[in-house]
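Written below as C-alpha cells is the structure these notes are about.
The values are calculated or read from the model by the stated rules, or taken from the named source; none is laboratory data. Worth saying up front: this structure is predicted, and the values here are computed from it rather than measured. Backbone-built Cβ (ideal geometry, glycine too); neighbour counts: all protein chains shown. Heavy atoms of the whole protein, side chains included, go into the accessibility calculation; ligands, DNA and RNA do not. Shrake-Rupley method; radii C 1.70, N 1.55, O 1.52, S 1.80 Å.
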Amino acid sequence: MTTTQDLRSGPAERGRSGLHTDRDLSRARSRHGETAIRLLLRAAAGLSVLITAGIVVSLLVPAVGFFQQVSVVEFLTGTRWAPQFADPSFGVLPLLTATAWTTVIALAVAVPCGLGAAAYLAEYARPRVRRVLKPILELLAGVPTVVFGFFALSFVGPALRDWLGIDVGTFSILAAGLVMGVMIIPTVASLSEDAMSAVPNALREGSAALGSNRMQTTLRVVFPAALSGIVAAVVLGISRAIGETMIVAIAAGARPQMVTDPTMEGATMTGFIARMALGDSRVGSLEYDTLFAVGLLLFLLTFVVNLISIRLVRRFRQEY
Amino acid sequence: MTATSRPLVRTLPTGQRSRERSPGATLFLVLLWVSLLVAFATLVTLLVSTIVEAGDRLDSTLLTEYPSSRPEEAGARPAILGSLWVIGTTAVLAVPLGIAAAVHLEEFADRHSRFNRLLELNIQNLSAIPSIIYGMLAIGTLSLIGVQNKNIVIGGALALALLILPVIIISTREALRAVPREQREASLALGATELQTTWRVTLPAAVPGISTGTILALSRALGEAAPLLLLGALVFISFDPNGLLSGFTTMPIQIFGWTNSPQAGFRELAAAASVLLVVILLAMNALAIIIRNRSQRRW
C-alpha cells in the first residue's frame, strides 16, 4: 500500500501548502545557520538522483562487460539459458517466458479481485463497513513475500494437486503466479478505489436520475470515468509482478526452460538472479556478469512500465 | 478519497429498489463480495496453514537456539538479532534522510523548476523499482569503496535504506501537505523564520502521518529478503551479530534457507519462523493503521 501512495501525489496537488509566498518577507534577515541547514535538506533530496545514477552505473558496468562477450541479439532471441554449463548459452527467452506466465497468472487473479474489491468499497460499502474492510485488505500487503512463497510451496501447490487434480509438480509457475496475484490485490484495489472515489458525485446522481441501478452506474459511469486511474493501477500491478522475487524463487522452481504450460516449473528473471546470487560464481566472471545483464533487462522493463503508470495517474488526476 | 453517494439510492422510492434487486444486480454484488473474499480467505488460510505446519515448533527454542543441522534443536536466534541490527541501522540511515528530503521538496523547493519536477518523477519511479535491484546497487557501492566481505550488517542496512527511502519521502510529503497553510502563516506572522516554522509547527503537526509512513516502510524492510540475497546473507550463522561490520542473517533469509532444505523438520522450522515474522509485521502494520485512523484530524 505504500507504493501506491506516490501515485496520488501528482502535479494537481501542488501549490496547496508550502511557504513560498512568504519568502520575500523572511529573506530580510539572512542567517548562516539556516542557509546551511537548507543546503543539507537540499542535499538529502538530491540524493535520490545519486541513487538512480548508482543503480544505472552498478548495473551497466558489469552488463557492458557481459555484452562484449555475448551479442545482444543472442541474448534477446536465444531460447536456451545455461550460463553455468560447460557449453554455456545465453538466450534470455526462457526467463522471459516464465516471467510473462507468472505475470499473466498474477494479473488474472489481482485485476478482477482488486477491481471487485475496489468497486465494493467505493460504491457499495457504507462508511463504517469500509473503515473495517479496508485496513484488513491492507494487512494483506504486510505479509512478507518469503511467507507468501512458503505458502505457495507448502499449501497452494499440494492443494492444486490433491483437491483440484491439476498435474503440478513440487514447483510450478501456476502456484507461484496465483499467490503472487493475491499479493498484488491490495495494490490494485487501493489505487483503483482512489480513482473511483475521485469520480464526482454529480455523475452518479445523473446516472441514478436516468433510472440506472447501482450496478449500471458502477459499470457504465464510474468505471469509464475512473478508467485511466484503473489502468494505472493495473500497470503498477504488472510492474510489481515482474519484479517480485521471493515467491518465484521459492515456489516456481529453478529450471530455466521455455514455459509453454503453467503447470511446468520455470525460472523467472528475478528467480534466476536470486538463485544465481546464492551460487559461488567468481566475481567478475562471465557467469557472474549474467546477473547484471538480467538485472539491467529487469530494470529497463519495470522502468518503462512505471513511467507509463505515473503518466496515466497524472492524466487522470488533472481531469476533475 | 471522499465519501461517495451512498445514501443517494437508498433514499429513492421503493419502486427503484426492486431494480437494485434484479437478478443481474444481485449477481454483480455477489461477484464483488467474492473478490473481497478471495483476499480475506487467502489471508486466513495462509495464517492457519502456516500455524498448522509449524506445529509444536512454535516454542521458546525458536527464539533462543542457534541454527543446527538437526532441525529439532535449531532456532532462529541469530536471525532475530540480525534483523534487529539491520532494521535499526536501516532506520538510522533512512528516516532522517527521508524526512529531510521530504521537507526540502514540500516546504522549500521551487515547484516549477524543471529539476525539481524531474526529482519528483525520479522518486516515484524509484519507489516502484524491484527490490532485488537495490541488492545489486548495494554490492556495486560496497565494491566501489573496496569492501571484500559483503555479508555485513551495514551492507544489508544500506540496501534496505535505499529501498525504503523513496517510500519515506513520499509518505512524509503527504503528511506535510496535510498541514494547513494557516498554521505556517500564523507562525511566520509571529516572527518565526521559515526553518523555525518548519521545525516547531509543521513537523510536529505532521508527526502522526510521518510515523505511519515510517512504520510501514520499516515493516517492508523487515520482511524483505531479495536484496539481501545478493549480499550473500544466506550463511549459516552460529554467533550473535554484534556490530555494523558483523556478519548477519535476517528472519526472511533464514526462512528462505529453511524452505530450501528437503528435510521435513526444516519445513516446520520455516513455518514456525514465518508465524513469528508475520505476527511481528502484522502488528507493525496494524499499529500504523491505528495511528493513521486516530490522527485523521480535521483542521
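A few points about this structure:
- A:Ser172 meets each of the listed conditions (1) among the hydroxyl-bearing types (Ser, Thr, Tyr); (2) open to solvent by less than 20 Å² (accessible area, probe 1.4 Å); (3) at the interface with chain B (Cβ under 9 Å from one of its Cβ atoms) apart from (3).
For every residue, the table says whether it meets (1) of a type in the set (Gly, Ala, Ser); (2) modelled with pLDDT of 85 or more; (3) open to solvent by less than 20 Å² (accessible area, probe 1.4 Å).
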{"position": "A:Gln69", "(1), (2), (3)": "no, yes, no"}
{"position": "A:Arg80", "(1), (2), (3)": "no, no, no"}
{"position": "A:Phe85", "(1), (2), (3)": "no, no, no"}
{"position": "A:Val92", "(1), (2), (3)": "no, yes, yes"}
{"position": "A:Leu95", "(1), (2), (3)": "no, yes, yes"}
{"position": "A:Thr99", "(1), (2), (3)": "no, yes, yes"}
{"position": "A:Thr102", "(1), (2), (3)": "no, yes, yes"}
{"position": "A:Val109", "(1), (2), (3)": "no, yes, no"}
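- Sub-6 Å Cβ pairs linking a first residue in region B:17-46 that is within 7 Å of chain A (Cβ to nearest Cβ) to a second residue that is among the polar types (S, T, N, Q), at least 6 apart or interchain, are B:Arg19/A:Asn213; B:Glu20/A:Asn213; B:Ala25/A:Asn213, ordered by first then second residue.
- Residues that are surrounded by fewer than 17 Cβ atoms within 10 Å (Cβ to Cβ) and either modelled with pLDDT under 90 or under 27 Å from A:Leu139 (Cβ atoms) (or both), drawn from region B:194-207: B:Val207
- Test: residue in region B:211-225 that is out of contact with any His (no Cβ under 6 Å at 6 or more places or on another chain), over 23 Å from B:Leu162 (Cβ atoms) and either open to solvent by 10 Å² or more (accessible area, probe 1.4 Å) or polar (S, T, N, Q) (or both): no
- Helices (runs of 4 or more DSSP H) completely within region B:67-151 that count 3 or more residues being in contact with a Phe, Trp or Tyr (Cβ under 7 Å, 6 or more places away or on another chain) and of a type outside the set (Lys, Arg): B:77-103
- Some residue of region A:180-191 being more than 7 Å from every other protein chain (Cβ to nearest Cβ), of a type outside the set (S, T, N, Q) and open to solvent by 40 Å² or more (accessible area, probe 1.4 Å): no
- Extreme residue, least open to solvent (accessible area, probe 1.4 Å), among residues of region B:241-291 that are modelled with pLDDT under 85 and part of a helix (DSSP H, G or I): B:Gly265
- Note on region B:118-158: residues that are under 15 Å from A:Ala53 (Cα atoms) and open to solvent by 40 Å² or more (accessible area, probe 1.4 Å) amount to 4.
- Filter result for B:Ala159 (among the aliphatic types (A, V, I, L, M), touching a helix residue (DSSP H, G or I) at 6+ places or on another chain (Cβ under 9 Å) and free of Cβ contacts under 8 Å to residues at least 12 places away in the same chain): no
- When A:Ala267, A:Ala249 are checked against the criterion of being open to solvent by less than 10 Å² (accessible area, probe 1.4 Å), in a helix (DSSP H, G or I), small (Gly, Ala, Ser) and in contact with a helix residue (DSSP H, G or I) (Cβ under 8 Å, 6 or more places away or on another chain), A:Ala249 stands alone in meeting it.
- Criterion: within 11 Å of chain A (Cβ to nearest Cβ), over 20 Å from B:Asn116 (Cα atoms) and open to solvent by less than 20 Å² (accessible area, probe 1.4 Å) - qualifying residue of B:Leu163, B:Leu176, B:Leu188: B:Leu163
- Test: residue in region A:289-299 that is without any contact (Cβ under 8 Å) to a residue 60 or more places away in the chain and facing another protein chain (nearest Cβ under 7 Å): yes
- Of all residues in region A:129-157, those satisfying the criterion of being at the interface with chain B (Cβ under 10 Å from one of its Cβ atoms), over 21 Å from the mean Cα position of the chain (by Cα) and within 25 Å of B:Phe256 (Cα to Cα) are A:Leu153, A:Ser154, A:Phe155, A:Val156.
- Checking B:Val201 against (1) within 9 Å of chain A (Cβ to nearest Cβ); (2) more than 23 Å from A:Ala43 (Cβ to Cβ), the condition it does not meet: (1)
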